[in-house]
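Here is the structure we will look at.
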Amino acid sequence: EAGVAQSPRYKIIEKRQSVAFWCNPISGHATLYWYQQILGQGPKLLIQFQNNGVVDDSQLPKDRFSAERLKGVDSTLKIQPAKLEDSAVYLCASSFGHTGELFFGEGSRLTVL
Amino acid sequence: QKEVEQNSGPLSVPEGAIASLNCTYSDRGSQSFFWYRQYSGKSPELIMFIYSNGDKEDGRFTAQLNKASQYVSLLIRDSQPSDSATYLCAGPGGQNFVFGPGTRLSVLP
């Protein structure tokens, strides 16, 4: 069974530029999450989708971050414009239902210069 | 804001010893907890979950949940150098699950 796919694995951009990350969850998993993990910290939830609807985006900085999951399968997370403090690993995870049993992708490491 | 707290470590144990990792939480209504292992530079992977008070064993791992004291722990018996990683505790937080900051475990050969 294929795992959660993410791309790109690494991205380096200048501040104020934009970046997009893509995620394809495990087949059949209705719930998709985007987490931000800053070095030395635990993952912080940015947004949760159930199929193509948003369940929780309370911690998403909506002035610069956006995410969509148009067909209830893959998802894109965008940052525009990026700030230095956005440097982190962006983790996509999926689960069959709304449980804490998450399957994570390899992550996309963002460096903002 | 419902929180999950962990001692960031590092926790160092000799090979073959028992490693004890602890997590406390603020939400008295929390029912389920999850332990994830994260190797350096890798993504978290689920290793244990516990839904009820008491102990749950899986191989060398035992998860313990004490609702009265609001803590959950993970015991790793016969620790191996390959167990060296950061262990993240996750519990309910509002509509979702909140991760603690993680405890870094180092198993010394």
Suppose we keep only residues that are more than 10 Å from the chain's Cα centre (by Cα) and aromatic (Phe, Trp, Tyr) within region A:67-103. Which one would you say is farthest from A:His29 (Cα to Cα)?
A:Phe103
Residue hits (region B:67-83; under 13 Å from the mean Cα position of the chain (by Cα) and either on the phi > 0 side of the Ramachandran plot or open to solvent by 30 Å² or more (accessible area, probe 1.4 Å) (or both)) are B:Tyr71, B:Leu75
Of the residues in region A:95-113, those that are at pLDDT 95 or above and either polar (S, T, N, Q) or loosely packed, with under 15 Cβ neighbours inside 10 Å (or both) come to A:Ser108, A:Thr111, A:Leu113
List the strands (runs of 3 or more DSSP E) inside region B:60-109, counting only whole elements, that have at least 2 residues being out of contact with any Phe, Trp or Tyr (no Cβ under 9 Å at 6 or more places or on another chain) and over 22 Å from A:Leu60 (Cα atoms).
B:61-66, B:103-108
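Pick from A:Gln6, A:Gln37, A:Gln50, A:Gln17: which is modelled with pLDDT under 95 and of a type outside the set (Val, Ile, Thr)?
On the way: A:Gln6 fails: modelled with pLDDT under 95; A:Gln37 fails: modelled with pLDDT under 95; A:Gln17 fails: modelled with pLDDT under 95.
Answer to the check: A:Gln50.
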Hey, can you tell me all the residues within region B:28-45 that are out of contact with any strand residue (DSSP E or B) (no Cβ under 6 Å at 6 or more places or on another chain) and either surrounded by 12 or more Cβ atoms within 10 Å (Cβ to Cβ) or more than 12 Å from chain A (Cβ to nearest Cβ) (or both)?
B:Arg28, B:Gly29, B:Gln31, B:Ser32, B:Lys42
Among the strands (runs of 3 or more DSSP E) lying completely within region A:1-90, list those that include at least 1 residues that are out of contact with any helix residue (DSSP H, G or I) (no Cβ under 9 Å at 6 or more places or on another chain) and within 14 Å of chain B (Cβ to nearest Cβ).
A:5-7, A:10-13, A:19-24, A:31-37, A:44-50, A:53-56
Condition met for B:Ile76 (within 13 Å of chain A (Cβ to nearest Cβ) and of a type in the set (A, V, I, L, M, F, W, C))
no
Could you check region B:85-108 and list, in sequence order, the residues that are within 8 Å of chain A (Cβ to nearest Cβ), surrounded by fewer than 21 Cβ atoms within 10 Å (Cβ to Cβ) and under 18 Å from B:Gly29 (Cβ atoms)?
B:Pro92, B:Gly94, B:Gln95, B:Asn96
Among the residues of region B:16-23, are any modelled with pLDDT of 95 or more, hydrophobic (A, V, I, L, M, F, W, C) and open to solvent by 70 Å² or more (accessible area, probe 1.4 Å)?
yes
Within region A:10-24, is even one residue surrounded by 14 or more Cβ atoms within 10 Å (Cβ to Cβ) and in contact with a Cys (Cβ under 8 Å, 6 or more places away or on another chain)?
yes
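The values are calculated or read from the model by the stated rules, or taken from the named source; none is laboratory data. Everything numeric here is computed off the predicted structure, so don't read it as measured data. Heads up, the Cβs are rebuilt from the backbone with ideal geometry, glycines too, and the neighbour counts pull from every protein chain shown. Each accessible area value is taken on the protein alone, full model and side chains, heavy atoms only, with ligands, DNA and RNA left out. Shrake-Rupley method; radii C 1.70, N 1.55, O 1.52, S 1.80 Å.
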